[in-house]
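Let me begin by presenting the structure, written as structure tokens, before commenting on it.
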Amino acid sequence: MPELPEVETVRCQLDLGLTGLTFAAVDKVEPAMMRDCVPEEVEGLLPGHRIERIDRIGKFIIVVLDDDLFLTLHLGMTGQLLIDPVEPGAHTRFVFRLAAEASTGGDGEGRAGARGPGRETLLEFRDMRKFGRFHLTSGGPAPRLRQLGPDAWKGEWDAAYLQHRLRGRSAPLKAFLLDQRHLAGIGNIYADEILWWTGLSPLREAGSLVEDQACCLADEIRTRLSEGVRLLGCSLSDFIDTAGQPGEFQDWLQAYGRQGQDCRRCGGTMTRTVVGGRGTAYCPDCQR
Ligand SMILES: [Zn+2]
């Protein structure tokens with residue numbers, strides 16, 4: 001499942017490739033993946049609107065359009081956003097055509113069509129399992145974003161915030177990290193990596209951390225997510241970027257998927273357990 005670094009990789013590429021372009025046509029939608037809107041609205045409203053910028057919070061991509069319109073996209077388990085895909089996809093759910101200038105309507109300045117139709121850019125949302133989400137809203141991004149804590153990588157939070165959120169929590173530390181209400185963007189892979197680097201057990205009570213440990217956890221959250229972003233995401237399963245390329249973070253994993261192998265810090269044997277229903281790899285010898 002794409003986590004913050006994978007979604008940030010996609011956001012960055014969408015921002016470079018699509019900002020300034022205008023929706024020209026909606027060729028395909030998947031009603032089952034749509035929230036806060038119906039197909040007729042998407043087909044009727046989107047054409048003529050320009051992309052101002054692409055934001056992100058946690059695992060959500062926010063396409064900010066002119067006239068206070070917002071697309072909020074979530075890649076779910078297997079979602080992929082591709083710009084001008086080379087090969088046709090088997091699980092294409094949404095297809096949009098964008099152009100460098102408005103091709104329908106106009107902005108009252110006679111720009112539309114003045115230089116003739118520009119080259120079109122194709123944006124495809126593919127998703128084998130259809131757990132991805134597509135929201136079209138006016139006045140702000142999807143309401144469900146209000147339930148999220150600050151972005152785990154770029155958000156305004158610090159060790160004191162983390163300590164405050166940890167206090168009194170009996171949930172296992174790993175479950176705390178996965179709870180998007182505290183911090184948004186961490187999923188199963190990065191949670192295991194962050195915890196290995198801190199030397200903290202995924203099973204210990206979240207509320208049991210002392211100040212130094214909370215500070216260390218805060219540092220590692222930012223550091224590991226930064227590494228993931230720098231390496232353009234993790235492609236253990238389906239993740240590819242908007243050009244169809246995989247990331248490299250999977251080559252640098254210290255915990256996730258390493259059960260049965262030697263711990264690279266202490267030489268002990270990495271173990272697999274289940275925390276909050278999620279498979280979890282850790283070293284019982286040096287993660288306490
Ligand atoms: Zn170890």
Exactly one condition in (1) part of a loop (DSSP other than H, G, I, E, B); (2) more than 16 Å from the ligand (Cβ to nearest atom); (3) closer than 24 Å to L166 by Cα is false for Y256; which is it? (2)
Condition (residue is at pLDDT 95 or above, in contact with a Gly (Cβ under 6 Å, 6 or more places away or on another chain) and not hydrophobic (A, V, I, L, M, F, W, C)) applied to the stretch 99-113: is it met by at least one residue? no
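Results for (1) out of contact with any strand residue (DSSP E or B) (no Cβ under 9 Å at 6 or more places or on another chain); (2) assigned to a helix (DSSP H, G or I); (3) touching a residue at least 12 places away in the same chain (Cβ under 8 Å); (4) among the hydroxyl-bearing types (S, T, Y), shown as yes or no for each residue.
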residue	(1), (2), (3), (4)
R146	yes, yes, no, no
G168	yes, no, yes, no
L177	yes, yes, yes, no
L217	yes, yes, yes, no
For the stretch 46-63, give me each residue that is aliphatic (A, V, I, L, M) and farther than 21 Å from A152 by Cα. L46, I51
Of all residues in the stretch 274-288 being surrounded by 14 or more Cβ atoms within 10 Å (Cβ to Cβ) and aliphatic (A, V, I, L, M), which is farthest from the ligand (Cβ to nearest atom)? V275
Which numbered condition C234 fails, given (1) modelled with pLDDT of 95 or more; (2) closer than 22 Å to V274 by Cβ; (3) of a type outside the set (F, W, Y): (1)
How do the pairs read when you match residues in the stretch 260-272 that are among the aliphatic types (A, V, I, L, M) with residues anywhere that are near the ligand (Cβ under 7 Å from one of its atoms), using Cβ under 7 Å and keeping only pairs 6 or more apart or on different chains? M270/C263; M270/C283
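Run down L203, L178 and say which single residue is buried (at least 19 other Cβ atoms within 10 Å of the Cβ), modelled with pLDDT of 95 or more and over 26 Å from L18 (Cα atoms). Working first, answer last.
Values: L203 fails: buried (at least 19 other Cβ atoms within 10 Å of the Cβ).
Step by step, each of L203, L178 is checked, and only L178 is buried (at least 19 other Cβ atoms within 10 Å of the Cβ), modelled with pLDDT of 95 or more and over 26 Å from L18 (Cα atoms).
Considering the stretch 259-277 alone, what residues qualify as being in contact with a strand residue (DSSP E or B) (Cβ under 8 Å, 6 or more places away or on another chain), assigned to a loop (DSSP other than H, G, I, E, B) and of a type in the set (A, V, I, L, M, F, W, C)?
C263, M270
Would you point out which residue out of T223, T242, T271 is within 16 Å of the ligand (Cβ to nearest atom), outside the structural domain of I61 (by TED's automatic domain parsing), among the polar types (S, T, N, Q) and out of contact with any Lys or Arg (no Cβ under 9 Å at 6 or more places or on another chain)? Give the derivation first.
Numbers: T223 fails: within 16 Å of the ligand (Cβ to nearest atom); T242 fails: within 16 Å of the ligand (Cβ to nearest atom).
The conditions single out T271.
The values are calculated or read from the model by the stated rules, or taken from the named source; none is laboratory data. Predicted model, so just to flag it, every value in this text is computed and none were measured. Neighbour counts run over all protein chains shown; Cβ positions are idealised from the backbone, glycine included.
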